[in-house]
Structure formats: structure tokens, C-alpha cells
Amino acid sequence: MIIIETIENTTIWDFPDRGKWLNHDGKYRGNWSPHVPKNLIIRYSQEGDVILDQFIGGGTTLIEACRLNRKCIALDINNNALNLCKEKIRIFKENKNYFIGKCDARNLSIIKNNSIDLICTHPPYANIIKYSKDNEKDISLLGFDEYFKSMKEVAKSCYRVLKHKKYCCILIGDTRKNGFIQPLGFNVMNIFLQQGFILKEIIIKKQNNCKFTDRWKGICKKRNLYLIEHEYLFVFYKI
Ligand SMILES: C[S@@+](CC[C@H](N)C(=O)[O-])C[C@H]1O[C@@H](n2cnc3c(N)ncnc32)[C@H](O)[C@@H]1O
């Protein structure tokens with residue numbers, strides 16, 4: 001299959017066609033379009049580099065990293081995500097340049113300091129989508145306060161494992177509570193800045209193909225709210 005590598009050049013990204021090359025699909029709840037890791041990997045890394053996604057979910061970053069001849073460390077706390085990754089990666093019969101493992105993104109003790117070339121990841125948006133029922137390490141089960149405490153540990157770990165002069169990219173969206181916006185995105189951005197990262201880019205990504213859009217459209221109309229149709233892609237730099 002020939003894949004045309006169209007590359008984004010502005011700070012607004014919109015992928016109405018989510019990307020269905022290789023074995024990408026939208027089946028894992030809340031997964032990101034492969035266009036996102038593809039663009040980040042091509043712009044911010046070289047062949048042979050080590051890419052980390054510690055919230056790997058259904059394996060989108062893993063597939064893109066391997067396809068683009070990078071090494072990939074793919075971690076998650078939920079077994080169903082890890083099993084899906086192991087299944088999906090089988091399309092690369094020869095490629096052994098990846099590691100899939102169970103690990104809490106708040107404590108990346110299995111990874112050495114200053115060893116990662118690019119972090120490209122997509123954490124839960126607090127408890128908007130719950131990825132398990134009773135996994136105590138799953139941060140998608142946490143309310144806002146505990147979630148932000150956890151994201152501080154995630155940011156600390158990112159800073160420790162990333163090499164100097166390299167990038168850490170995080171996709172995150174906002175939500176509403178009682179009709180008022182909850183700026184998860186800006187809170188998480190500030191948490192990363194407090195750990196020492198410098199902000200390189202803020203990219204606005206349009207949300208497409210969301211399961212609950214129709215329901216939210218009804219709520220917004222009834223309650224005179226704007227439909228949230230964007231997420232933030234923060235690109236941080238470690239000096
Ligand atoms: C938004 S999803 C990632 C989706 C992924 N980008 C994809 O394309 O499939 C977030 C993931 O974080 C995982 N997760 C939740 N808490 C975690 C933790 N403490 N450490 C590692 N992964 C965690 C969930 O199991 C879920 O798979």
C-alpha cells in the first residue's frame with residue numbers, strides 16, 4: 001500500500017477522514033487519528049529514534065512509529081489495550097524494534113533518565129471516558145483534583161526520561177460541568193510547564209467522528225452552549 005505523507009504546516013489540524021491505512025481503525029474508544037502521531041513523528045524525530053507513548057491504548061502510535069522506522073516503547077495500564085497492541089503489531093512480521101508493556105505512566109521506572117527521543121502521547125481526559133471498572137492505577141477513573149495530581153507525576157516522568165533538546169507532545173481536550181467549561185487542556189499545559197518544559201507549539205485539532213457529538217448537539221441547543229469541537233496538542237521542549 002502506498003501512503004501519501006501529507007504533512008501539516010499550520011497550527012490548525014482537521015482530519016475529516018480519520019486515516020485508515022494499514023490496520024488503523026476507530027475501534028478503541030477515544031483513540032486518536034493516525035494523522036496525529038504520523039505528523040509528530042515525522043516532524044520531531046529521525047529514523048532509528050526511540051518514541052515513547054505511555055498511554056498507548058489501541059496502538060496507533062506504535063503502528064505509526066514502526067511504519068516510519070522508529071523504535072517504540074508502548075505502555076498502558078490496561079491489559080485489553082496491551083493485548084490489542086500485541087495483535088495489531090503482528091502486521092510488521094520482521095520488525096522487532098518495539099516494546100509493549102504494562103506500566104503506570106506516573107512512574108516510568110523501567111525507563112532510564114534522558115533516554116527517549118520523542119514522547120508522543122494521549123492521556124485520558126480525566127474521567128470523560130473510563131477505560132476500566134476497578135483498576136486502581138487507571139487515571140481515567142479519577143475526578144479532576146486527583147487527575148491533576150496524577151498528571152503532575154506523568155509530567156515529572158516525561159521530563160526525566162526525555163533527552164535534552166527533544167520534544168514531548170500531548171493531546172488533551174476540555175469538558176463541561178454544570179454548563180461551565182472545565183479547561184483540562186490549559187491545566188495540563190501548566191502542569192507540564194511547572195516541571196520545566198518550554199512551550200514550543202499549541203496546535204488546535206478539530207474533533208471529528210465523536211461518538212457523542214449528536215447527543216451533545218442536542219444538549220448545547222437546549223442549554224445555549226457552544227459545542228466543544230477542538231482539542232489541544234501541546235508540543236513541549238526540554239532544554
Ligand atoms: C485516550 S486513551 C489513548 C488512546 C490512544 N492514543 C489510541 O490511539 O488508541 C488513554 C489510555 O490511557 C490508559 N491509562 C489510564 N491510566 C493509565 C496509567 N496510569 N498509566 C498508563 N496508561 C493509563 C488507558 O487504559 C487508555 O488506554
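Nothing in this text is a laboratory measurement; each read-out follows from the coordinates by a stated rule. Since we're looking at a predicted model, the values are computed, not measured. Heads up, the Cβs are rebuilt from the backbone with ideal geometry, glycines too, and the neighbour counts pull from every protein chain shown.
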Checklist outcome for this item: The base-10 log of I(q)/I(0) that the Debye equation returns for the stretch 114-155 at q = 0.24, 0.28 Å⁻¹, one scatterer per C-alpha, is -0.82, -0.99
Checklist entry - Mind checking the dipole of the stretch 12-238: about its Cα centre, +1 per Lys or Arg Cβ, -1 per Asp or Glu Cβ, Debye to the nearest 20? => result 120
Checklist entry - To two decimal places, what compactness ratio does the stretch 1-81 give when its Cα radius of gyration is scaled by 2.2 N^0.38 Å? => result 1.07
Next on the checklist: Report the gain in length on full extension from Lys222 to Phe144: 0.36 nm times residue separation, minus Cα-Cα distance, nm rounded to one decimal.
Outcome noted: 25.5 nm
Checklist entry - Any idea what log10 I(q)/I(0) is at q = 0.24 Å⁻¹ for the stretch 162-222, Debye with uniform C-alpha scatterers and no solvent? => result -1.12
Checklist entry - In the P(r) worked out for the chain, what percent of Cα pairs fall beyond 26 Å? => result 35
Checklist entry - Given the convex hull over the Cα atoms of the stretch 116-239, what projected area results after averaging over all orientations, in nm²? => result 8.2
Item to check | In the stretch 37-142, chymotrypsin sites (Phe, Trp or Tyr not before Pro) in a DSSP loop with at most 15 other beta-carbon atoms within 10 Å | outcome: Phe92
Next on the checklist: In whole Hz and in residue order, list the ³J(HN,Hα) couplings for the stretch 31-40 that follow from phi through the Karplus curve 6.51 cos²θ - 1.76 cosθ + 1.60, θ = phi - 60°; x for Gly and Pro.
Outcome noted: 6, 9, 5, x, 4, 5, x, 4, 4, 5
Next on the checklist: How many angstrom lie between the Cα centre of the stretch 39-100 and the Cα centre of the stretch 131-181?
Outcome noted: 20
Checklist outcome for this item: Here, trypsin sites (Lys or Arg not before Pro) of the stretch 1-101 satisfying both criteria (DSSP loop; at most 13 other Cβ within 10 Å) are Lys20, Lys27, Arg29, Lys93, Lys96
Item to check | FRET efficiency, 1/(1 + (r/R0)^6) with R0 35 Å, evaluated for Asn79 and Phe186 via beta carbons | outcome: 0.60
